[in-house]
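To keep things clear, I will list the structure first and then write my remarks on it.
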Amino acid sequence: MLLKRLIVCLDVRNRRVTKGVKFADNRDIGDPVELANFYAQDGADELIFYDITASAEHRKIDIEMVKSVAKQIFIPFCVGGGISSVTDMRQVILAGADKISVNSLAVRNPRILTEGARAFGRQCIVLGMDVKAVDKTSSIPSGYEIYIEGGRVATGLDAVKWAKQAVELGAGEICLNAIDTDGVCNGYALDITRMISEAVAVPVIASGGGGKVEHLADALQQGKADAVLVASMVHSGQYRCSEIKQQLTAMQVPVRLCCPRQLQ
C-alpha cells in the first residue's frame, strides 16, 4: 500500500515565511531556513517553498535561500516562484532542491513542462494549480477556473482540462490549491480534488483549507489525494507534524511514522 504524504508549505516573501487567507492579508511567520529545519525534524515528509511574489514582480527566485535550506534538511523539498526557464530550473536543482514547481509559467508556456521533464525527469516537475470556483452560469465544465500571478489573474482555463493537458506534456505531480478555502481552515475543496485525482495518473497534492486532522483524512480518502499540504495548522503551533501523523494512523490513513527529535 502506498503511504500518504504530509507536506508543509512555506510561502516566502522577502526571506520571511508568511501566511494569508485566500491569498491576502499575509502575516509574518518566521525564518524559512529555521522553520524548514524544525518541520523536517518533526516528521514532515516533504516541504514546498513558494516565493509568492516573484512571478508578479518578474524577478528570479532566491537561490541563496534554496542553498541554505538544502544544507539544513534531510527530506525532499520543492521550490516554486520566479522560475522562467529550464536554466532557472537547473539552478534550483543544483542549489539542492529535489523538485521544481511551475504555475504561471506553465500556463503561459506549456512547453516548459516538456522541456523540464526531458532535462530532469518528470518526477522533478510539479504543476502548481491555483483554482477558484466559478459562477454556476459559467461555461467552464468542472466549475473551477485556473488563476495565475498568485491568484490575481483569471485565465479562463478549466482546471480538470488543464491538469490532464499538463500531465500529457510532462508534469509528474500536481499541487492543487483551492483559493476559496486557502487559509480558512474549514477543509479542503474535496470535489475538485477528487475530480483531478481521478482524471490524472500522477500524484495529486491537496492544498488549501486544512484546519484539523479530519480535514486531511477527508482529502486523502474522499478527495483521493496522494498527499496533503498544510500551513496554518502547523505554523500556528496548534499541531505538530508528528501528532498529525499519529492521528491519521488512528483514522486508518497509511502514513510514514517517525521518531522526531526532541524539539522545543
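The values are calculated or read from the model by the stated rules, or taken from the named source; none is laboratory data. On a predicted model such as this, the values are computed, not experimentally measured, just so you know. Please note: Cβ atoms are built from the backbone with ideal geometry, for glycine as well, and neighbour counts cover all protein chains shown. Remember, those area values only see protein heavy atoms, side chains included, never the ligands or the DNA or RNA. Shrake-Rupley method; radii C 1.70, N 1.55, O 1.52, S 1.80 Å.
Can you pull out the residues in region 165-176 that are open to solvent by 10 Å² or more (accessible area, probe 1.4 Å) and in contact with a Pro (Cβ under 9 Å, 6 or more places away or on another chain)?
Those that are open to solvent by 10 Å² or more (accessible area, probe 1.4 Å) and in contact with a Pro (Cβ under 9 Å, 6 or more places away or on another chain): Q165, L169, G172.
Only one of (1) surrounded by fewer than 24 Cβ atoms within 10 Å (Cβ to Cβ); (2) assigned to a helix (DSSP H, G or I) fails for G96. Which number is that?
Only one criterion is unmet by G96, namely (2).
Based on what the data block shows, is A225 closer than 19 Å to I244 by Cβ and either over 18 Å from the mean Cα position of the chain (by Cα) or open to solvent by less than 10 Å² (accessible area, probe 1.4 Å) (or both)? Lay out the reasoning, then the answer.
Working: closer than 19 Å to I244 by Cβ: yes; either over 18 Å from the mean Cα position of the chain (by Cα) or open to solvent by less than 10 Å² (accessible area, probe 1.4 Å) (or both): yes.
Here the answer is yes, as A225 does meet what is asked.
Test D191 against the criterion of being of a type in the set (D, E, K, R) and crowded, with 20+ Cβ neighbours inside 10 Å, and give yes or no.
In short, no.
For C78, all conditions in the list (1) closer than 23 Å to F38 by Cα; (2) in a loop (DSSP other than H, G, I, E, B) hold save one; what is the number of the exception?
(2)
Quick check on region 82-99. Is at least one of its residues within 17 Å of S207 (Cβ to Cβ) and touching a Gly at 6+ places or on another chain (Cβ under 9 Å)? Break it down into steps so the answer makes sense when it comes.
In the first step, residues of region 82-99 are kept if they are within 17 Å of S207 (Cβ to Cβ); the result is 99.
Still in the list and also touching a Gly at 6+ places or on another chain (Cβ under 9 Å): 99.
Yes.
Collect the residues in region 230-241 that are more than 10 Å from C185 (Cβ to Cβ), at pLDDT below 95 and surrounded by fewer than 19 Cβ atoms within 10 Å (Cβ to Cβ), keeping them in residue-number order.
Residue satisfying the conditions is G237 alone.
Between a first residue in region 2-23 that is under 14 Å from I244 (Cβ atoms) and open to solvent by 10 Å² or more (accessible area, probe 1.4 Å) and a second residue that is at pLDDT below 90 and assigned to a loop (DSSP other than H, G, I, E, B), which pairs have beta carbons less than 9 Å apart while being 6 or more apart in sequence or on different chains?
Filtered contacts from region 2-23: no entries.
Just for strands (runs of 3 or more DSSP E) wholly inside region 119-164: which have at least 1 residues that are open to solvent by less than 30 Å² (accessible area, probe 1.4 Å), within 18 Å of R194 (Cβ to Cβ) and touching a helix residue (DSSP H, G or I) at 6+ places or on another chain (Cβ under 8 Å)?
Of the strands (runs of 3 or more DSSP E) lying wholly inside region 119-164, those with at least 1 residues that are open to solvent by less than 30 Å² (accessible area, probe 1.4 Å), within 18 Å of R194 (Cβ to Cβ) and touching a helix residue (DSSP H, G or I) at 6+ places or on another chain (Cβ under 8 Å) span 125-133, 144-148.
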